[in-house]
Structure formats: structure tokens, C-alpha cells
Amino acid sequence: MLKELDISGSLLDMAPFDIITLIPSEGGRSVQVNLLELPNRKVPTNPKTTEKLRCVLNLFPGRLYEVAWKDIAKVTLWEDLLLDRAKKHIEERSYAEAFEYLVHLRDNYPQVANISALHQDFLFRTARDMATEGDLPHTLAALEELQRKFPAFKTKEVQNAISNVAKKLIDDLFQRDELAVARSMILRLDSEYKGSLPVVSQAKARFAELAESYLEKSKTYREEGDYGRARTAAVKMLEIEPSLKGGKEYLQELVKSFPLVRIGVFQHSSKADTAALADWPALRNGQLLSSPVFEFRNTGPEGGVYKFSFGNAVHSDDRQELDLTIQNPGKSKIPDSLILSQAMLNRARVGGPQYTPSWASILDSVTVSGPERLKLKFRRPHVLPQAFLQWQLPPSGEMSYDRSAYRLKAEDKERKRFEWAGESEPADFQPREIQEVLYSDPMKAISDLIKGEIEFIDRLFPADAKRLGNVPAIKTEPYALPIVHMLVPRGRNPFMEDREFKRAMLYAINREVILRDEILGGAATPADRLISGPFPAGISDSDAIAYAYNSSVEAIPYDPRLAKVLVLLAQANQTAKAVKKREAAPKLPVVRLGVPNYESTRVAGQAIMQAWKIVGIDSELVLYDTIPSSEDESIDVLYLSASVWEPATDAERLFGKGAPAETNNQYIVQSLGKLNSARNWKEVRDGCQDLHALVASHLPILPLWQVSETFAYRTEMAGVAKRPIGLYQDVQKWRIQVK
């Protein structure tokens, strides 16, 4: 009939219509008409021969016709056409198309005869065929839909089929160690089918048996003194069977007897420095293994907020004095004023082993008033002298002043172990030991975190942080302050000092796309943004950390055409210089890009190299674990990720002598001198923003972006600081909870 009317394609894409077929004596033709106005859309079974059917032909939509019922052989309704097409698709096993027709009929024509029977047939056939093809998840979905829609249809047979398919799926999940998914499936099936499926009781027994085996493993490890593996096995036991008799009590007692926390890290460091500028693991170690004289806690309305480790500190209104009051001087690990004053003077003594030029340039004198009081007087007002005092007080004879809660116990290539070193015994469930486990594969670390093999990951790839935020047993927490990323041209190749070549390298990089797509994976926060200078921009101009950022300096845009022109110009510059010196013109170098051996910086480094290649700059990647010295000639451009959180003093640490971005550019050096002599916050802000503008012009660094870092931990960890500076901030408050 449809062929006669030359109708092909999907009916669902057409305007609805009915078909009237005339008797042979009237020509026997079929005609396409608009939907007929029939009561309840039912064709009369015995219409009177004198009655007529009103209709509008599709060919002549403006005309109304009347056809005598005696001349009509058949009326085919639109919904019957859809039903026939659905049957045809089912017979041809075109189940996706059949499903579209069935849904349309169900939603628009529920009165159609046999629609329920056809729906039953559809579900049963799709389940049978998908089972034959091995598509078990869709088979189970089809069988359960059949059971829900038509509970009276072959109930026992359908439920047995559901049970058999579910068993195969659960066996597969057990094989792949996806026990949480298997358990979730069993709990759902048990809830929906009220224990009528054999697979439920079988799987429950299997879970209980497996949980018991992990309990025995845990006990064995515990007897061997391997508390890490014992804890992992016990956590696994409760994940498999949370209601295992005595399981929670056992884990609680195990944790209490030896509280252990394992941290997944991607870099180790031999240093412990709470003020590390461009060494993330050293900063992390510093918080755990040292107790500096002053500790940076956060940013405030006027620079950083610092805590004096031995008592109270008051900075005078004229900013020329710092009064320190020591609480309980002479007590264990607490110095008296004489010892502390001597340490202050040692760092200002020219030629001494602890000499620090920046500190020596501002310190005038130290006055002691009894064992608990000392006063530091400065040569000129300084807004933040505390920033120079973020160092561990050295021991005096056999007396140590290290008040950190942990100390290094043992280490190898893969693991560092830190043991409790507090003055008193740790509280119940407070970690006695912290282990840092080194990972090279972030996905392995994430898998171990989810499985309970570790309790923390100290630094997440931003896209991974977004995904982990949806895992029930895991929490993610951003660090308080962003990290700034930059490239530092260095080395002896003349192109590394050529301003046009440095501009070319920067114009060639599509920084916005690399940051958004490669590093953040589309998971950007307001703190993740491009920068035009060496200082963090914060979230907005009003952000406390943004006091040094010059927002009037725009970030260099992506312009590969201009980059190509600048490369040619740089080559011409170098050729002209060589001609003057009667030397051979230097060739365009293969730029050796030194990148920290960490996932996000490796990804960024590869993307930068691809961008350079487009404009004719060849390069190669050189990975490093510790920042290469300025004399190291193995790299030409250093990728630096830096925690420039106190720009007033960090500028010197970034660009000054011996710094990772050391420069002898006279304008930068003069600007640093002006900043170092600033007497108030207005001068500091002006000096920082002037330096920002000079850096953008002379390019001792190529600014890239700032990124907010995130860590992750398991929910059984309590007391973890919100938005900390570093992972181990307030580590003394950590406790392990058994849920």
C-alpha cells in the first residue's frame, strides 16, 4: 500500500495521514488523506451504505470530499501504519528503530490494539538476541524492563533469565575486582525482587566468604608487623561486606593500635623548606619535618600572615622594629632570647655560612631584654621582615629546637617513612607513622586511593580532581593559593637573550587552549587563568594575593604568524651581530625545554613544543626532578612552577643572584633594588607592579598561567585543614575514623 503511494523512509519524519482504499469497481486505488475525524479513532465495523465519509486529500488540502462507505474497501489509520512498521523492524531485528515507533505509539496512541503484546514481544526478542550476542548489560536491562512493564508475562521464566544473566555479570565483575559495582547490583536486585532471584543469595554468600578471607589476610599481615597491608586488607573487607560480624570493631582496634597514613606523591625531595619557591616536594617536607621561626599561614589584607613559633611577635607602627616574646624560654626545644638573637645575627654576618644578603640589608641591631624578650631594629622601615625568618633554628650544642611532630624514619626509592616525634604520646587514632609512596602513573595512584591502598594524593592533575569529586569515599580539597607557571630562557645560546626570539616563543603558544583543554580538561575554576607577569593574579583585583599584579599589562595573545616573523627577525639580528664580530652566523637552536617530572607540566611541555614546531622552532623535552643550576647547560628554557605567595620578598628570590630566573637586565635589577627599599605598602605595590611591567617588556621570563592545585583524601581521614597552604598544614590535627 505504501509502495503504491510511493511512500518511503521513516514514517516518524512525516506528517500523520490515513489511507482510504476504494473497491475494485471504483478503481481500487488507495489515496492519502489527512487524519480522519472518527470517534475514538475507531473505524466503524458496519457503516450504513447510505452514509458518507468526509475526508481531505493530501494533494488538495483546501477541498473537502465525501466518499460513500459502500465504495470503500478499507480504511488504514495512521497508528496502524506505525504498528505495522514497528512489527517489520522487530522481524528485521532493527531494534533501535522499532523502539522509536513503540515509544511514539505508547505516548500518542495508547488505545491501539495489540500494542502491549507487541511491546512484550519486542522486549523478549531483544533480550534473547542480545544474550546470544553476549551483550549482557543490555540483556539484563531488557529483561528487567519486560518484568516491570508486564509482570504477569511468563513471570518465573523471566525472573530465572534475569538471575542467570545477573550471575554472569557478577562473575565478570568479581574477575575484574569491581566488587563495589557487583555489590551495588546485588543490593538493587534484592530490593526490587524481594529475594526471589537465586543469584542474590548466592552472591551474598560469596561476598561474606571473600570478606572473611580478607579478614584472615589482615590478621596475618598484622602478626608479621606489616600494618600497611593489614589496614588495606581490613578496609577491603568492609568494602566487600560492611555488615561482616566484628569487622568494624576489628578495623577500629587495628587503627588504634598502629594509626598509619599513606600519601601518594609524584616527586620526592631531600630538602625540607617551608619557604621553597619552586620546589613542591621540599615545601611539603618542610611542613612535616621543620618548625621555622616564622611560619607563613595565609595571605591577609597586607601581605602574608605569619606565626611566630616560639611565642608572640609585634611589628611596630613605624615598621622599624619587631618585638619578640618567647614563651617558656629554656624549656625543651624552646630557645631563650640569647640563642635566638645569635641566630638572627649569624644570618646577617658577611662571609658566615648562614649569611643571607636580603636579611643583612635590613637588620640594624638585636637587643635582648631578659631570657624571653628580644627586639629587632631595622635600618629602614620594612613591611614584612617576618618573611625573611622562615628558617629552622639550628641546634645549639646538643639542644635541638626542631618542634616538628614527625621525623624521617627510613626511605628507599619508592617510599619514605616518617614516625611520630612529638613531645607527648600521640592521641588515639592520631597517625604514628606517615608514609609517602612515590608514583609515576597518576591513574595507579587514583586507583589505589579508591581501593584504600593509600589515604591521600598530595597533588592532582586538574581534570582528575574533577572526576574524583564524584567518588563517594573520596574528598577533594583545593590548596589556598595558586601556583604560577612560567618559562625561563637561560643557557649560553645567543637566541636565549634575543628579545624578539623570546617574544616569538611566547606568541607561538596558544596558552588559553593548552590551559583549558590540556591541563584543566575543561574543569577550570576562577583561579585558573593566563597571566602577563611573574606574580599571581588571584581570582580578582580585590584578591589579597593580587597586590603585586599589574592588571593594566595585557597577556600576549596567540599569534603564530607574528611568531614566524619574529623568528626571522631574531635570525637577522643574530646574523648582523655575527658579521660585526666577523664570526659565523649562529644557527637557530634546537631548544631544550627542561620540565619538572610531573604529569601536568609534562603535558604542558609537550603542547608547547608542538606549538613551537608550527612556527619553525625545533625543540626537545628534558625532564628534571630538581631544578637545574644556572651553570647546567643541558637545557635552554626552564619550565618553572613557583609559589610566589609573598611578592614583596619573593621577587628577589625569583630574579636575584642565584635565583632560578636570575637576570642581569639593568632595568630589572634597578626595579628589584627599588622594591627592596620600599618603606610602606604603597611603595611595595607600586614597586611590584612596575617590576611586572618591566618583566612583560624585557621578558627575563615568559609568563604562562596560574593554576589552583588540589589534593584528595579518603573520607575516613578527619581533621584535614580546609584550603591549606600545603598538605601537612595542621597535620597534628589528623585523625583516622573507622566508619
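The values are calculated or read from the model by the stated rules, or taken from the named source; none is laboratory data. From a predicted model like this one, the values you see are computed outputs, not experimental measurements. Cβ: placed from backbone, ideal geometry, glycine included. Neighbour counts: every protein chain shown.
Take the conditions surrounded by 14 or more Cβ atoms within 10 Å (Cβ to Cβ), modelled with pLDDT of 85 or more and not in a helix (DSSP H, G or I) and apply them to Leu210. Does it pass?
On the way: surrounded by 14 or more Cβ atoms within 10 Å (Cβ to Cβ): yes; modelled with pLDDT of 85 or more: yes; not in a helix (DSSP H, G or I): no.
Taking the combined requirement at face value, the residue does not satisfy it.
Residues of region 12-33 being closer than 30 Å to Ala96 by Cβ and not acidic (Asp, Glu), which ones? Please lay out each step first, then the result.
Of all residues in region 12-33, those closer than 30 Å to Ala96 by Cβ come to 12-19, 30, 32.
Within region 12-33, Leu12, Met14, Ala15, Pro16, Phe17, Ile19, Ser30, Gln32 qualify.
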Do you know which residues across region 329-378 are assigned to a helix (DSSP H, G or I), under 28 Å from Ala405 (Cα atoms) and hydroxyl-bearing (Ser, Thr, Tyr)?
Ser337, Ser341
Among the residues listed as Tyr549, Tyr507, Tyr558, the single one being surrounded by 21 or more Cβ atoms within 10 Å (Cβ to Cβ) and within 15 Å of Met609 (Cα to Cα):
Tyr507
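Condition check ((1) touching a residue at least 12 places away in the same chain (Cβ under 8 Å); (2) in a helix (DSSP H, G or I); (3) more than 18 Å from Asp559 (Cα to Cα)) across all residues:
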{"residue": "Arg492", "(1), (2), (3)": "yes, no, yes"}
{"residue": "Met496", "(1), (2), (3)": "yes, yes, yes"}
{"residue": "Lys502", "(1), (2), (3)": "yes, yes, no"}
{"residue": "Leu506", "(1), (2), (3)": "yes, yes, no"}
{"residue": "Asp541", "(1), (2), (3)": "no, no, yes"}
{"residue": "Tyr547", "(1), (2), (3)": "yes, yes, yes"}
Exactly one of Arg561, Arg582 is among the charged types (D, E, K, R), part of a helix (DSSP H, G or I) and under 25 Å from Phe495 (Cα atoms), and that one is Arg561
Condition first: touching a Leu at 6+ places or on another chain (Cβ under 7 Å) and assigned to a loop (DSSP other than H, G, I, E, B). Now tell me which residues in region 396-412 satisfy that.
Tyr401, Ser404
Among (1) surrounded by 16 or more Cβ atoms within 10 Å (Cβ to Cβ); (2) outside any loop (DSSP other than H, G, I, E, B), the one test that Lys682 misses
(1)
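Regarding region 275-292, can at least one residue be identified that is charged (D, E, K, R) and under 30 Å from Asp448 (Cα atoms)?
The initial filter retains those residues of region 275-292 that are charged (D, E, K, R), namely 279, 284.
Filter again for under 30 Å from Asp448 (Cα atoms), leaving 279, 284.
Scanning region 275-292 turns up at least one residue that is charged (D, E, K, R) and under 30 Å from Asp448 (Cα atoms).
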Looking only at region 15-28, count every residue that is surrounded by 11 or more Cβ atoms within 10 Å (Cβ to Cβ), at pLDDT 90 or above and either on the phi > 0 side of the Ramachandran plot or not hydroxyl-bearing (Ser, Thr, Tyr) (or both) and tell me the total.
7
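Residues of region 697-737 being of a type in the set (D, E, K, R), assigned to a loop (DSSP other than H, G, I, E, B) and in contact (Cβ under 8 Å) with a residue 60 or more places away in the chain, which ones?
Step one: of region 697-737, the residues of a type in the set (D, E, K, R) are 709, 714, 716, 722-723, 730, 733, 735.
Checking the rest, the ones that are also assigned to a loop (DSSP other than H, G, I, E, B) come to 709, 716, 722-723, 730.
Across region 697-737, the qualifying residues are Glu709, Glu716, Lys722, Arg723.
Under the condition of being in contact (Cβ under 8 Å) with a residue 60 or more places away in the chain and part of a strand (DSSP E or B), which residue from region 603-649 is farthest from Phe461 (Cα to Cα)? Give the derivation first.
Filtering region 603-649 down to residues in contact (Cβ under 8 Å) with a residue 60 or more places away in the chain leaves 603-604, 607-608, 611-612, 614-615, 617, 625-627, 630, 633, 635-649.
Checking the rest, the ones that are also part of a strand (DSSP E or B) come to 637-642.
Numbers: Val637: 23, Leu638: 21, Tyr639: 17, Leu640: 17, Ser641: 14, Ala642: 16 Å.
Ranking the candidates gives Val637 first.
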Going through region 672-721 in order, the residues found to be assigned by TED's automatic domain parsing to the domain that holds Leu638 and at positive phi are Leu699
Would you pick out the residues in region 598-648 that are touching a strand residue (DSSP E or B) at 6+ places or on another chain (Cβ under 8 Å) and within 13 Å of Ile514 (Cβ to Cβ)?
Ser600, Thr601, Arg602, Ala604, Gly605, Gln606, Ile608, Met609, Trp612, Tyr639
Kindly check whether there is at least one residue in region 409-428 that is outside the structural domain of Gln354 (by TED's automatic domain parsing), among the acidic types (Asp, Glu) and in contact with a helix residue (DSSP H, G or I) (Cβ under 8 Å, 6 or more places away or on another chain).
yes
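Please return the ranges of helices (runs of 4 or more DSSP H) entirely within region 69-174 where 3 or more residues are surrounded by 17 or more Cβ atoms within 10 Å (Cβ to Cβ) and touching a strand residue (DSSP E or B) at 6+ places or on another chain (Cβ under 8 Å). Let's see the steps before the verdict.
Working: elements: 78-91, 95-108, 115-132, 136-149.
Where helices (runs of 4 or more DSSP H) fall fully within region 69-174, none carries at least 3 residues being surrounded by 17 or more Cβ atoms within 10 Å (Cβ to Cβ) and touching a strand residue (DSSP E or B) at 6+ places or on another chain (Cβ under 8 Å).
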Filter result (touching a Phe, Trp or Tyr at 6+ places or on another chain (Cβ under 7 Å) and within 30 Å of Asp317 (Cβ to Cβ)) within region 388-418
Phe388, Leu389, Gln390, Leu393
In region 443-471, residues that are without any contact (Cβ under 8 Å) to a residue 24 or more places away in the chain and part of a loop (DSSP other than H, G, I, E, B) total 3
Assess whether Leu2 counts as being in contact (Cβ under 8 Å) with a residue 60 or more places away in the chain and in a loop (DSSP other than H, G, I, E, B).
yes
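Of the residues Val553, Val567, which single one is touching a residue at least 24 places away in the same chain (Cβ under 8 Å), within 32 Å of the chain's Cα centre (by Cα) and outside any strand (DSSP E or B)? Steps first, please.
Details: Val567 fails: within 32 Å of the chain's Cα centre (by Cα).
None of the other options fit; the residue is Val553.
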Would you point out which residue out of Lys307, Lys236, Lys271, Lys248 is in contact (Cβ under 8 Å) with a residue 12 or more places away in the chain, among the basic types (Lys, Arg) and in contact with a Phe, Trp or Tyr (Cβ under 6 Å, 6 or more places away or on another chain)?
Lys236
Odd one out for Asp318, checked against (1) over 30 Å from Thr649 (Cβ atoms); (2) charged (D, E, K, R); (3) outside any strand (DSSP E or B)
(1)
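On the basis of being under 19 Å from Thr649 (Cα atoms), hydrophobic (A, V, I, L, M, F, W, C) and buried (at least 21 other Cβ atoms within 10 Å of the Cβ), does Phe296 make the cut? Explain how you work it out, then say what you get.
Numbers: under 19 Å from Thr649 (Cα atoms): yes; hydrophobic (A, V, I, L, M, F, W, C): yes; buried (at least 21 other Cβ atoms within 10 Å of the Cβ): yes.
The answer is yes for Phe296.
Rundown of residues vs (1) exposed (fewer than 14 other Cβ atoms within 10 Å of the Cβ); (2) polar (S, T, N, Q), yes/no style:
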| site | (1), (2) |
| --- | --- |
| Arg407 | yes, no |
| Asp412 | yes, no |
| Lys416 | no, no |
| Glu425 | yes, no |
| Pro431 | no, no |
| Gln435 | no, yes |
| Asp441 | yes, no |
| Leu449 | no, no |
| Gly452 | no, no |
Residue list for region 36-55, restricted to those being out of contact with any strand residue (DSSP E or B) (no Cβ under 6 Å at 6 or more places or on another chain) and either charged (D, E, K, R) or under 23 Å from Asp6 (Cα atoms) (or both):
Glu37, Arg41, Lys42, Lys48, Glu51
